[in-house]
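Scroll down for the structure; my scribbles are underneath it.
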Amino acid sequence: MPHPLLAGRPAVLVASAAVLVGGLLGRIWAVQGSWFYTDDHRLVRDGLTTDSPARLLDPFDSQLMPLGRALAWLVSTTSPDRWVLTATTTVVLHLLASLACLAMLVVLVGVRWRVVVLLALYQTSAVVLPATMWWAAALNQLPLQAVLMGSVATWVLHLRSGRRRWAAATAVLVAVGLLAYVKAVLVPLVLAALLLGWFTDGGPWQRVRAAVRGQWQAALALGTLGAVFSVYYLTQVPQVFVESQTGEQVADDLAGSMLGSTLPVGLLGGPWRWDTSNPPTSYADPPGWAVALSWVVLLSLVAGLALLRRRTGRAWLLLGGYAAVAFVLVQTSRAQVVGGVVGLEYRYLTDVLPVALLALVLATTRVEGAVGSSEPRAARPTRYAAPYAKLALPVTALLVAAVLVGGVLSSVTYVRTWHQDNPGEAYLVTARETLTGRGSLDLADQVVPPDVVPGYQFPANTTKLLLPLQVPGLRFPEVTDDLVVLDDTGRAHRAEIDVAVDAPPGPEEGCGWRIGSAPVTIDLDGTAFDSTWWVHLGFAASTDDTVEVTVQDTTTRAAVRQGPNSLYWRVEAEIGSLTIGGLRSGTSLCVDVVEVGDAVPGAPL
């Protein structure tokens, strides 16, 4: 026999399945054209060094994310072309979140056509895309969405039936969420709000007493879980504390961008326009008229439902409270570094969308078993509510259609930037194509362009850490006779020296500086200031031997072959001269090139 929740409306179930499949195909299209971005590289590199389960507990910056680290380890075990498996993890996490959304809606609403519409709103919203296209964000945010909506479903089933298995399922889901993202500590607060606001009645203290008396075991389990996690997180995970330099200005700017603009337009299918100045990510850039119109629509929706139904205000309090907490978390962390503009990034509002769907359901539905459910005010609308009642159906249909179309257009526009303008992908794919199949190469350790990996992530923005994830067998030695560098597009070249100082011609005609068994000091034509330099020595050797080159107190040894030779080595020092020696008796070198400077691209590899 089918479950009572799923009985009676096969057409609704078929339509819901179609929406799920459509959303899944959309995510496959989106992520298959995406690629790794900044923190993604670090996660894969950490995965390569994960040699025990205990390493999964290593914090990532200030995040505790064992689930994400486990998936990163899985991705790291594949070949250097790892994006197929990476994209697959994102698609699977999205599917789990979508199934959780469907479960929440069916539990709250029943098998009705409204479920199809609400599920479609979730699938088409651009609010969730920044946490889908960027894999590091998806590892945190998609499990949080799945846990939030799934735990609402199991919690309501528990409150409705009293069965402990649903309470246990809720606790398990919350535990999984905590393994993915610290923000999952907010999930029990949402569950508590459901219990106090909809499944108890009376005054505030009566509700609290009834909740404690009836659900003390579940409350104890969830509270203990949250407390244990919080203690571990605060004591074992290094916290990033940033002192505000701009005080109230940051809060005001963030409130205006995050809550005043980005969130309202996102809930209504926006933002319709994106700021793509920092590709592949994009900030919301809605037109001013669209922000104003969004507020008019949202306030009209709240007012209209208040006229037509009782007990709608608490649903908006739930949504507003959750959005306020999201605001405070950003205001006290990321905004202190970036400023209020970070409020235009939907990545910090992703989990607000499921709460918005939940609030909309609670404001428009009589939830089975919930004594505090929203209900129609009267059999016949009052003279104030009558206009809303007459227009409710056509206006709702028009609004839903506009939100769905807007969501699709906003989503496609956002995704195309990742597909067509991803400097990190272009650079590293070009490097892979020009380096693969050439055997072992000696590369200079360079800082990549800032649009590939930002400079503040040093040393994660160096070729020494990035390129081995794409091409095996590369070496980054301090000394080599054949140095390779990358240009700004990622293409490999033989190295040349952009000379800062060099040696004048040597005194011996046809030889330059002759080096024998006794060391020779060569003075350069200037002094290179204290920094990191590449030194290039060009010479001919009479026989195979080993040479020693000393700069200040650092001596570099290298093998030389009979005949013409080049030697490149990396030095961190102030350089005005160098001493060459260490040869066996009978060996001589003719040195005609001594250059100090930066290694830059020369002839293509």
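The values are calculated or read from the model by the stated rules, or taken from the named source; none is laboratory data. Computed from a prediction, not measured in an experiment: that's the story for all the values here. Note: ideal-geometry Cβ built from the backbone for every residue, glycine included; neighbour counts use all protein chains shown.
Brief remarks on what is shown
- Any hit, segment 532-554, residues being touching a residue at least 60 places away in the same chain (Cβ under 8 Å), buried (at least 19 other Cβ atoms within 10 Å of the Cβ) and either in a loop (DSSP other than H, G, I, E, B) or over 52 Å from the mean Cα position of the chain (by Cα) (or both): no
- Helices (runs of 4 or more DSSP H) within segment 73-151 that include 2 or more residues basic (Lys, Arg): none
- Test: residue in segment 492-508 that is under 21 Å from Leu443 (Cα atoms) and not in a strand (DSSP E or B): no
- Within segment 234-269, restricting attention to residues that are at pLDDT 90 or above and among the hydroxyl-bearing types (Ser, Thr, Tyr), the residue that is farthest from Val297 (Cα to Cα) is Ser257.
- For segment 466-484, residues that are under 26 Å from the mean Cα position of the chain (by Cα) and among the polar types (S, T, N, Q) total 1.
- Checked against (1) in contact with a Pro (Cβ under 9 Å, 6 or more places away or on another chain); (2) surrounded by fewer than 13 Cβ atoms within 10 Å (Cβ to Cβ); (3) not in a loop (DSSP other than H, G, I, E, B), Leu524 passes all but condition (2).
- Residue that is modelled with pLDDT under 95, assigned to a helix (DSSP H, G or I) and over 18 Å from Val400 (Cβ atoms), where the choices are Val291, Val341, Val371, Val367: Val341
- Extreme residue, modelled with the highest pLDDT, among residues of segment 54-89 that are crowded, with 21+ Cβ neighbours inside 10 Å and farther than 23 Å from Gly424 by Cα: Met65
- Scanning segment 59-79 for residues that are in contact (Cβ under 8 Å) with a residue 60 or more places away in the chain and among the charged types (D, E, K, R) turns up just one, Asp61.
- In segment 38-53, the residues that are part of a helix (DSSP H, G or I) and crowded, with 16+ Cβ neighbours inside 10 Å: Asp39, Asp40, His41, Arg42, Leu43, Val44, Arg45, Asp46, Gly47
- Qualifying residue in segment 419-427 (condition: surrounded by 14 or more Cβ atoms within 10 Å (Cβ to Cβ), polar (S, T, N, Q), at pLDDT 80 or above and not in a loop (DSSP other than H, G, I, E, B)): no
- Options Thr50, Thr86: the member that is without any contact (Cβ under 8 Å) to a residue 60 or more places away in the chain, over 15 Å from the mean Cα position of the chain (by Cα) and closer than 30 Å to Glu433 by Cα: Thr50
- Residues (at pLDDT 95 or above and of a type in the set (Val, Ile, Thr)) located in segment 129-160: Val147, Val152, Thr154, Val156
- For segment 303-318, residues that are out of contact with any Leu (no Cβ under 8 Å at 6 or more places or on another chain) and either within 18 Å of Val190 (Cβ to Cβ) or not assigned by TED's automatic domain parsing to the domain that holds Ala356 (or both) total 4.
- For segment 561-592, a residue qualifies if it is surrounded by 15 or more Cβ atoms within 10 Å (Cβ to Cβ), within 48 Å of the chain's Cα centre (by Cα) and not small (Gly, Ala, Ser), and the qualifying residues are Asn565, Leu567, Tyr568, Trp569, Arg570, Val571, Ile575, Leu578.
- Search result, residues across segment 434-479 that are among the β-branched types (Val, Ile, Thr), surrounded by 16 or more Cβ atoms within 10 Å (Cβ to Cβ) and free of Cβ contacts under 8 Å to residues at least 40 places away in the same chain: Val448, Val452, Thr462, Thr463
- Of all residues in segment 513-531, those being under 52 Å from the mean Cα position of the chain (by Cα) and of a type in the set (S, T, N, Q) number 2.
- The listed residue being touching a Phe, Trp or Tyr at 6+ places or on another chain (Cβ under 7 Å), surrounded by 12 or more Cβ atoms within 10 Å (Cβ to Cβ) and of a type in the set (Val, Ile, Thr), out of Val291, Val297, Val250, Val302: Val302
- Cβ-Cβ contacts under 7 Å between residues 6 or more apart (or on different chains), taken from a first residue in segment 105-126 that is over 14 Å from Ala18 (Cα atoms) and in contact (Cβ under 8 Å) with a residue 40 or more places away in the chain to a second residue that is among the β-branched types (Val, Ile, Thr) and crowded, with 22+ Cβ neighbours inside 10 Å, are listed as Leu105/Val115; Val106/Val115; Val107/Val156; Leu108/Val156; Val109/Val115.
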